[in-house]
Every structure is written in structure tokens, then in C-alpha cells.
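Asks: Would you mind keeping the following structure in view while I ask a few things?
Readers should treat all values here as calculations from the given coordinates under stated rules, not as data from a laboratory. Predicted model, so just to flag it, every value in this text is computed and none were measured. All Cβ positions, even for glycine, are placed from backbone atoms using ideal geometry, and neighbour counts span all protein chains on display.
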Amino acid sequence: MTLSALAPQVHSFAVNGRGYALDVNSGALHALDEAAFSLLQREEIRRALASGSAAPPVPLTPAEQEAWAELTLLVRQGTLYSPLAALPDAPTAPPALKALCLHVAHDCNLRCAYCFAGEGGFGGERGLMSAEVGRRALDFLIERSGRRRRLAVDFFGGEPLLNFGAVKELIAYARRRGGEAGKEFAFTLTTNGVALRGEALEYLASSDLNVVLSLDGRPEVHDRWRRRPRGEGSHAAVLANCRDFVARRGGTNYYVRGTFTRQNLDFSADVAYLLAAGFRSLSLEPVVASEGEWALAEEDLPRLFDEYDRLAGLYLAEHRAGRPFTFYHFNLALFDAPCLARRLSGCGAGHEYLAVTPSGDLYPCHQFVGRERFRMGNVLSGDLNEELMAQFRSANVLTKPACRECWARFHCSGGCQANHHLFTGSLEEPYALGCALQRKRIECALAVQAELALDQARAQAG
Amino acid sequence: MKHVVTITTGNQPRAGGGCGECQNSCQSACKTSCTVGNQACEKK
Ligand code: SF4
């Protein structure tokens, strides 16, 4: 099927009482008043607009008449029910690797009940990555990166600070080899914060690494799952270490990244807690689990939707009060958005981005690690399953039937394949709960960005 | 217009196959979900 077979589509939605319309193919976004919003909720009106009809299909009130005239003008201007402009044949850049996730430690100093990494071991043996394996992985990345200049390496685990010596050595190695090869490296390290003290704190605070700090929010929420091997909670120590780190950093280049579960559906209270604790760069994500008392369920959705609305309200209120904060999933780039090629291709797992285990095994991404069928090769032996790589490369938002029809397709890009596989057994079939949350997050992101843009326009006008 | 305010007219696809210099979407903060819409374009 070709791109042009995708029908023009408009998604209208409301967040905190205001209506919006997203023109799916062009990415145009409009804020609507009551009359325009209620018109767009009506099937016969939508059909008439989509078919380019100049006259309304049913009698309208005077206010609706005016709104109808405005909507038909947008259709003529190509920002409502627009067709998709065709793409050239090659929708993506030539095959090249651009990022690796190095699992430098398959071990952890916490035993978080909900951990998708099997409490650090990913269902296998615990162990640390040797510097030799790490260097071979970096060589592999550089060799396979083609003409790409910017490369990214994530230090992940388990808990990467358990192998801090290797992390430092690999950063130095990547910088040196990157310099020789004309590549620029960006590094991210994800830590649970327990060992973020002393030398590690010193080193990371004075580095330019993007640091992701795992902290779930309120003490009782965090300590319910994030416990030490002997069962005590970790909140107090982690909070103190993270605050120290962020203060030393001058507040830059970090994310506090928490997980919410079925036991804290009121997670906007955790966002508020983290803000009050002094963090301004936040990400709070639904737990990835298909079972367990922490797993989210279909019936939690209405509650979670309300919660995202509340969070959108908090986000705007803080911005308007001069205390802006970053919430990862609301960072939607309205005006500087990625090209369609990128929007089609998704996250890059399995071809642009791979994960490496302590023994050098390659997997499509950090979440696939330990799922044997997806082992793609090994950096020491040099073997690589090109076929599996090609399979990941050819998967895109249009090869997934549910995504083709979905209004969120160009913002979501087909979702997380590891999650799809975990829940549905298929890489191509998204899982309903994840999609419902994703769509809600995108609605809220569009809404808050729209409101901020309107604020700015008003300030300039007045 | 009285009933509709256009926030953005969107960005119909730039020609070409994409330069590939942008960041991978799931990497920087979340690690559990993929949202491409929040990746800024690196082509200046
Ligand atoms: S929300 Fe679900 S159906 Fe829609 S594009 Fe994303 S993965 Fe596909």
C-alpha cells in the first residue's frame, strides 16, 4: 500500500474543557471554541468536511454556520482533512547504527519488585561488563555508523554505578576513538541513585552526561517497590543523593524518571512531590508489566486519563506562574518537528539502536535483553543476524495495521515493539492499554503546547 | 476567525529521506515507551 492510500483524518479532542483539532497528515493543530468543537464531534459534519462539501449537510444555528465556514476554509487551505504528500522511494537514511545501550552491570543494589530487568539480571546470570567487551562494542558502533556524525551511548543496567570504573574508561575510549573517526558522542547514564555519592557523584556532576535518576515520587510510593536486598526502603537515601547531584549540576541535563503503577494511579501527586523537592526535569512512566499487583489494567484508564488532565493543568499553572518544568512526554516539538521519514520509522530498535549485555550479546533494545529469540549476535565473535536487523528496519508505522488507522501514528510512530511483543506476542500488534495511554499523553502534550503558544501570541499582541 | 485559532499549520514532510541525525526516541529519559513526536529535528 502506498502512503497516499492513507485517508485524510482529523482527530478532535478536549483537554480540561478546551477543544482542539489535529489534522493528522499535515500535523496542523487548531484550538476550537464550543461551537467548532461540537460541530467536529458530529459524524455527518466530519464526512461533509472530508469530502470537501461547501454546504453543511444539515441545518445549523447561526454560530454553527460561522464555525462551519471557518472549518471549510481550513480544509481549502490544507490544514484540515489534508491528503498526505507522497514521499520519495527511500523513506529512511541508509542503514547505519547510531546508538548503543551498554548493560555495564547485570546486577543491582536494589530489588525493585516491578523491575522489567528481573532485578538487574534480566533473567540470566548476574555479572559486570568488562572494559574489553565495552571497547569492542564501541568499535562496533563506530564501524557500523556510516555517515552519521552524532552517536549516542547509554550506560544502563542493572545499576551501572556498580561498574563505575568501566563507565569512566569507556567514556574516555569513546571520546578518543570518536575524535579519530569524526564522530560526536552523547552519553546517558541511568542510575537508581543509591551509589550516587563520593567519586561517582563528583565525576558525574562535573561531566556533561545526561543523567537519568530513578525516583518514583512520594516516599510510600517509592518504597513500596524500590527496596534494598534486605527489604528496607531506599527513598530517603536516593532523594538525598539526587538532590545533591542536581544541585551540584546547577540543575542541567538530568531527568528524574519515576514509574507509576496500579498502586499510585494518582501519580500527578508524585509529580507535585518531585517539584516540591526541587526537581524541574521529570518523566513519570507507566510500569511495563503484564501481571503482578503493580500491573495497570483496562479499568484503570478513566482514572489515568483524569490524572493526565490534572498533570496538564499543573504543567500549565507552573509555566504561567514563572516556574516552568519539563515533563518528558509533554515535550512535543510543535514547530520543530521531525521529518515524515523519521515519523514513519519509529524508535530505531533493532537496526539503529541495539543493546549489549555484559557478555557482549546484542539485542534489539534494552527491553528485549534476555528474550532468547531476539539475540542478534555478539560483539566479540562479530556475528550478527542481518536478517533480524532487516526485519526491524523494515517495520514501520505503516506495516502495523492498527497504527495505519490510528490518529496518533505520526507522533507515536508505532509504539514500543518490545512492549507489543510482551503483551501480544507480536511485534506488529500494539497492545491496547499502552496505546490508550500513549494517545492520551499525546493529546495532553498537544494541548499544553497549544496553550503555551497561545499565551505567547497574546503576550506579543498585547 | 472567531471559532478556530490555528496554532500551527504543521510541517508537511520535508523532501528527502531524512538525515538520521536526530536522537533515538526512547533513549534519553523514558526507556519504556517510544514517542517520536517529541524529538526535535536536528537539520538546521
Ligand atoms: S498509539 Fe498504538 S495504534 Fe496508535 S500509532 Fe501508537 S502503537 Fe500504533
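Asks: Computed FRET efficiency, Cβ-Cβ of residue A:237 and residue A:326, R0 25 Å: what is it to the nearest 0.05?
Replies: Numbers: r = 25 Å, r/R0 = 0.99.
Calculated transfer efficiency: 0.50.
Asks: Hey, another quick one. Taking 0.36 nm per intervening residue step and subtracting the Cα-Cα distance, what contour gain separates residue A:176 from residue A:202 on full extension? Write down the numbers at each step before the final one.
Replies: Working: separation 26, 0.36 × 26 = 9.36 nm, distance 2.18 nm.
Length gained, residue A:176 through residue A:202: 7.2 nm.
Asks: Now, a different point. Each residue of the stretch A:55-70 in order: what ³J(HN,Hα) in whole Hz does its phi give by Karplus 6.51 cos²θ - 1.76 cosθ + 1.60, θ = phi - 60°, with x for Gly and Pro?
Replies: Once θ is set to phi - 60°, the couplings for the stretch A:55-70 become 9, x, x, 9, x, 10, 6, x, 5, 5, 4, 4, 4, 4, 4, 5 Hz.
Asks: Can you sort A:294, A:68 so the residue with the fewest Cβ neighbours within 10 Å comes first? Please report the intermediate quantities before stating the final value.
Replies: Values: A:294 19, A:68 22.
Starting with the residue having the fewest Cβ neighbours, the order is A:294, A:68.
Asks: Tell me the angle of helix A:235-249 to the major Cα principal axis of chain A, expressed in degrees between 0 and 90 and rounded to the nearest ten.
Replies: 80 degrees
Asks: Another question about this same structure. Among A:219-232, A:434-447, A:363-376, how do they line up from the highest to the lowest mean number of other beta-carbon atoms within 10 Å?
Replies: Details: A:219-232: 15.6, A:434-447: 22.9, A:363-376: 20.8.
Ranked by mean Cβ neighbours within 10 Å, highest first: A:434-447, A:363-376, A:219-232.
Asks: Further, regarding this structure: Under 17 Å from the Cα of residue A:400, which aspartates and glutamates turn up, not counting those fewer than eight places away in the same chain?
Replies: A:428, A:429
Asks: Additional query: Kirkwood hydrodynamic radius for the stretch A:314-462: how many Å is it when counted over pairs of different Cα atoms?
Replies: 17.5 Å
Asks: Next question, about the same structure. From zero up to wherever the largest Cα-Cα distance of the protein assembly as shown sits, split into 20 Å bins and tell me the percent of pairs in each.
Replies: In order of increasing distance, the bins hold 23, 55, 20, 2 percent.
Asks: As an exercise, use a Förster radius of 30 Å and the Cβ-Cβ distance of residue A:317 and residue A:113 to find the FRET efficiency, rounded to the nearest 0.05. Can you show the working numbers first?
Replies: Working: r = 33 Å, r/R0 = 1.12.
Here the calculated transfer efficiency is 0.35.
Asks: Please turn the phi angles of the stretch A:303-319 into ³J(HN,Hα) values with the Karplus equation 6.51 cos²θ - 1.76 cosθ + 1.60 (θ = phi - 60°), one per residue in order, whole Hz, x for glycine and proline.
Replies: 4, 5, 4, 4, 5, 5, 4, 4, 5, 4, x, 4, 4, 5, 4, 5, 4
Asks: Could you list B:3, A:11 in order of exposure, starting from the residue whose Cβ has the fewest other Cβ atoms within 10 Å? Don't skip to the end; give the middle numbers.
Replies: Values: B:3 21, A:11 17.
So the residues, fewest neighbours to most, are A:11, B:3.
Asks: Give me the base-10 log of I(q)/I(0) for the stretch A:107-260 at each q in 0.16 Å⁻¹, Debye formula, one uniform scatterer per Cα, rounded to two decimals.
Replies: -0.92
Asks: Any idea what angle helix A:432-461 forms with the longest principal axis of chain A, computed on alpha-carbon atoms, 0 to 90 degrees, nearest 10?
Replies: It is inclined by approximately 70 degrees.
Asks: Can you pull the Kirkwood radius for the stretch A:275-340, inverse mean 1/r over Cα pairs, to one decimal in Å? Provide the component values of the computation, followed by the final result.
Replies: Working: mean 1/r = 0.0702 Å⁻¹.
So the Kirkwood estimate lands at 14.3 Å.
Asks: Mind listing the long-range amide H neighbours of residue A:255? Cut-off is under 5 Å, sequence gap 5 or more, other chains count too, H placed in the peptide plane at 1.01 Å from N.
Replies: Residues meeting the amide H criterion: A:211, A:212, A:213.
Asks: Here's something else I'd like to know. Could you calculate the FRET efficiency of residue A:424 with residue A:7 from 1/(1 + (r/R0)^6), where r is the beta carbon distance between them and R0 is 22 Å, rounded to 0.05? Provide the component values of the computation, followed by the final result.
Replies: On the way: r = 25 Å, r/R0 = 1.14.
Here the calculated transfer efficiency is 0.30.
Asks: HN-Hα J couplings of the stretch A:152-163 from phi, Karplus 6.51/-1.76/1.60, θ = phi - 60°, integer Hz, Gly and Pro as x?
Replies: Working through the residues one at a time gives 10, 10, 10, 9, 9, x, x, 10, x, 5, 6, 10 Hz.
Asks: Here is a follow-up. Excluding residues fewer than 8 places away in the same chain, name every one of the aspartates and glutamates whose C-alpha is closer than 14 Å to that of residue A:168.
Replies: Correct list for residue A:168: A:132, A:154, A:199, A:202, A:208.
Asks: What value, in deg cm²/dmol to 500, does the helix sum -39500 (n - 2.57) over DSSP H runs of n ≥ 4 give at 222 nm once divided by the residues of chain A? The partial results should precede the final answer.
Replies: Numbers: 16 runs with 183 residues, N = 462.
The per-residue figure over chain A is -12000 deg cm²/dmol.
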